[in-house]
Amino acid sequence: MHLRHLALTHFRNYARLELDLPLGITLIQGANAQGKSNLLEAIVFLATGKSPRAGSDAELVHWGVREDPYPYARVAAEVARDDRITHIDITLLPNKVPGRFRKQVRINGVNKRAMDLVGILLTVLFQPEDVNLVSGSPARRRRYLDIALCQMEPRYCRALSHYQKVLAQRNALLRRLAEQGGRDAEDQLRYWDDKLVESGSLVVARRQWLIHQLEEEAALIHLELSGGVERLHMRYLPSFDPGLTPGPHESYPGIQVLRERGVAYAHLPVEQVHASFLAHLQASRARELAAGMTLIGPHRDDLGFYLGERNLRAYGSRGQQRTAALASKLAEVTIMTRVSGHAPLLLLDDVMSELDATRRAMLMKILPTVKQAIITTTDWAYFQDDLLKQAYRLCVQEGTLLTNC
Ligand code: ATP
Ligand code: MG
């Protein structure tokens, strides 16, 4: 996979950019607030149809054109894969509601849905805040799993988006039923149970699969990063045990137990998850009606990192947490390559400043195995001479890229 060309118009602080990118390592240096993160954001936006950080697409449109009679922003790229070249293009056009924008997605000149972009350009983005993957919120870890899975499997992306819509509707119904004291609940909830389980089962099964894959790779990388002393484990921490289908009156492991030790299945068929999810939902009926919301399902999932039996979130030092985060991010590159048959584009956004010298050196050792990487930095001094010589070097100043630096 090779991102050969990137073109931006009115995207963030880039008024206009046409950039050819070689295979191998591209290093982009710039002081704070010059456009390093914006550039990588544009690439992820093209890869996934979503910005990794903006709350709304309107934020992506250059401030300078907001008052124009017809403001717009455009991001386009040329991606080569097995000698086949794909042109992808997202234009943000003004919506009927002032200040809002709609996405127009084109692939090889043909209008498509944003979801069709997924999989054309595979990326792994590592941002400074990712060092908090282990210590941060469960939502951040779910997002990490979702972004990787969505890129590898469009059907996962569809199931996840369906699940989120169904969940919102089921929660609204549970809230109403809770207010009414649970009258006629069963008939209405049955319908939404089925819908929730239909899409949620795939989400659960694929997350469990990915974590199992990541664990093997991450453990190897982690051994190297940590100097070969401790073995890293990654565990799926679901809100119900997807490999277990309780009968109507059977007890089953509570969420606390699952949160501590998690589950690890080498293979978990979707049908099994389906039966288990449904049974657990029905067993949670009274609790859900009392709470007025959906208490079990992948929206409550978490991912645990352990050294031996110790949970890194609770007991790890800051450095140990960062090493685990870096290992799992790098494992993502290997898994994506294996699953898709193509090496993803690695995007490192100013992460060198977040790592100590040992971890920086380890990261540098892994770089030559990546087919294409774009790395931003505030300071060239983070990189060794041989890497600086071999890399394509650019500087960014106020949304303009310069080659003579
Ligand atoms: P740092 O090293 O601090 O992370 P950076 O080079 O990554 O800096 P960016 O996040 O890319 O900086 O932002 C560059 C500039 O773009 C900032 O000054 C920011 O305020 C500006 N910016 C953000 N959104 C827009 C927009 N919609 N229009 C114009 N400029 C914007
Ligand atoms: Mg930045």
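Could you order peptides 109-120, 217-228 by the average number of other Cβ atoms within 10 Å of their residues, highest first?
The most tightly packed comes first, giving 217-228, 109-120.
Just how much of Arg81 is accessible, in Å², when a 1.4 Å probe is used and the result is rounded to the nearest 10?
Per-residue accessible area (Arg81): approximately 50 Å².
Picking from Gln282, Thr377, Ala325, whose Cα lies most toward the positive end of the charge dipole for the chain (charges on Cβ: Lys, Arg +1; Asp, Glu -1)?
Result: Gln282.
Could you pull out every residue, at least 5 positions away or on a different chain, whose amide H is within less than 5 Å of the one on Arg231? Hs are placed 1.01 Å off N in the peptide plane, and Pro or chain starts have none.
Amide H neighbours of Arg231: Gly308.
So how strong a dipole does the stretch 139-314 carry about its Cα centre when Lys and Arg Cβ are +1 and Asp and Glu Cβ are -1, to the nearest 20 debye? All intermediate terms of the calculation are to be shown ahead of the outcome.
Details: 24 positive and 22 negative charges, 118 e Å.
Using only the charged Cβ atoms, the result is roughly 560 debye.
Within the stretch 75-91, whose backbone N sits under 14 Å from a point 7 Å along Cα→Cβ of Arg4?
In the stretch 75-91, the label zone of Arg4 (backbone N under 14 Å from the point 7 Å along Cα→Cβ) covers 77-88.
Greater than 23 Å separation of Cα atoms is the criterion. Which listed pairs, Lys36/Lys165; Lys365/Lys389; Lys103/Lys371; Lys96/Lys195; Lys50/Lys365, meet it?
Listed pairs above 23 Å: Lys36/Lys165; Lys103/Lys371; Lys96/Lys195; Lys50/Lys365.
Which value, in debye to the nearest 20, gives the size of the charge dipole of the chain about its Cα centre, when Lys and Arg are +1 and Asp and Glu are -1 at the Cβ?
I would put it at about 640 debye.
So what are the ³J(HN,Hα) numbers for the stretch 28-35, from phi and the Karplus equation (6.51, -1.76, 1.60; θ = phi - 60°), rounded to whole Hz, Gly and Pro as x?
10, 9, x, 5, 4, 6, 9, x
Across 10 Å bins from the origin, how do the percents of Cα pairs in the chain run, short distances first?
Taking every Cα pair in the chain, the percentages come to 4, 21, 28, 25, 16, 6, 1, 0.
Of the heavy-atom accessible surface of the stretch 139-314 (probe 1.4 angstrom), what whole percent is carbon and sulfur?
On the way: 4200 of 8120 Å².
On the stretch 139-314, the fraction of accessible area on carbon and sulfur atoms equals 52 percent.
Taking θ = phi - 60°, what integer Hz values does the Karplus form 6.51 cos²θ - 1.76 cosθ + 1.60 yield along the stretch 47-57, in sequence order, with x for Gly and Pro?
Per-residue couplings from phi come out as 6, 10, x, 10, 7, x, 9, 6, x, 9, 4 Hz.
Leaving out ligands, DNA and RNA but keeping every protein chain, what accessible area does Thr334 have, in Å² rounded to the nearest 10, with a 1.4 Å probe?
50 Å²
So for the stretch 139-314, averaging the separation of alpha carbon pairs under 8 Å that are six or more residues apart and normalising by length, what relative contact order in percent results? Please list the in-between numbers first.
Working: 232 pairs, mean separation 51.9, N = 176.
The normalised contact order for the stretch 139-314 reaches 29 percent.
Using Cα springs under 10 Å in a Gaussian network model of the chain, which residue among Asp146, Asp379, Asp184 shows the largest mean-square fluctuation?
Maximum fluctuation in the GNM of the chain, among the listed residues, is at Asp184.
Scan around Gly297 for amide H atoms under 5 Å from its own, H built in the peptide plane at 1.01 Å from N, and keep only partners 5 or more places away or cross-chain.
Residues meeting the amide H criterion: Ser239, Phe240.
What is the spin-label model distance, in nm, from Ala139 to Glu309 if the labels are put 7 Å beyond Cα along the C-beta direction?
3.4 nm
Could you work out how far the C-alpha centroid of the stretch 352-382 sits from that of the stretch 69-139, in angstrom?
Spelled out, the Cα-based centre of one part sits 25 Å from the other.
Long-range amide H contacts for Leu345: which residues qualify at under 5 Å (H placed 1.01 Å from N, peptide plane, sequence gap of 5 or more or a different chain)?
Leu122, Thr123, Val124
Spelling out what I want: for every residue of the stretch 270-286, take phi, set θ = phi - 60°, compute 6.51 cos²θ - 1.76 cosθ + 1.60 (Karplus), and round to whole Hz; glycine and proline get x.
4, 4, 5, 4, 4, 4, 5, 4, 4, 5, 5, 4, 5, 6, 9, 3, 4
Given R₀ = 35 Å, FRET efficiency for Arg261-Arg158 by Cβ-Cβ distance, to 0.05?
The calculated FRET efficiency here is 0.65.
The values are calculated or read from the model by the stated rules, or taken from the named source; none is laboratory data. Keep in mind that what you see is a predicted model, and the values were worked out from it rather than measured. Glycine gets a Cβ as well: all are built from the backbone with ideal geometry, and neighbour counts include every protein chain shown. Calculation scope for accessible area: heavy atoms of the full protein, side chains included, ligands and nucleic acids excluded. Shrake-Rupley method; radii C 1.70, N 1.55, O 1.52, S 1.80 Å.
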